[in-house]
1. Return the Rg/Rh ratio of the chain with Cα-based radii and a Kirkwood Rh.
2. Just from its helices, what would the mean residue ellipticity at 222 nm be for the chain, if runs of 4 or more DSSP H residues each count -39500 (n - 2.57) and the sum is divided by every residue, rounded to the nearest 500 deg cm²/dmol?
3. Run through the DSSP bridge list for the chain and note the antiparallel percent, rounded to the nearest 5.
4. What percent does the relative contact order of the chain come to when contacts are Cα pairs within less than 8 Å and at least six residues apart?
5. Go through 52-63, 32-43 and give me the packing order, highest mean Cβ count within 10 Å leading.
Amino acid sequence: MASSKPRIMVVEDEVLIAMMIEDMLEGLGCEVAASFGDIPSAMNYIAKSGDQLDGALLDVNLSGQTVFPIADLLQ
């Protein structure tokens with residue numbers, strides 16, 4: 001049976017912040033589909049299974065790079 005919880009991807013390069021966000025999302029009734037700290041890993045995941053996501057929470061600045069390519073791919 002498929003989950004009725006929204007599937008959310010987290011992209012955050014600060015590990016403790018990512019863990020806090022994941023806990024918050026789960027507390028709100030979401031399923032954390034995946035969590036990434038870098039752009040290439042997140043983009044690879046989206047290319048393979050992005051259509052299974054209901055949303056994403058993105059840190060705009062990942063180690064000096066913007067996540068706009070990820071946002072564009074999610075569109």
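Every read-out reported here was derived from the displayed coordinates using simple, explicitly stated rules and does not represent laboratory data. Only a predicted model underlies this, so the values are computations on that prediction, with no experimental measurement involved. Note that each Cβ is placed from the backbone with ideal geometry, even for glycine, and that neighbours are counted across all protein chains shown.
1. Numbers: Rg = 11.9 Å, Rh = 12.5 Å.
Rg/Rh for the chain comes to 0.96.
2. Numbers: 3 runs with 31 residues, N = 75.
The helix-only estimate for the chain comes to -12500 deg cm²/dmol at 222 nm.
3. Numbers: 2 of 11 bridges.
Around 20 percent of the beta bridges assigned by DSSP in the chain are antiparallel ones.
4. Details: 96 pairs, mean separation 28.5, N = 75.
Relative contact order here is 38 percent.
5. Peptide ranking by packing, descending: 32-43, 52-63.
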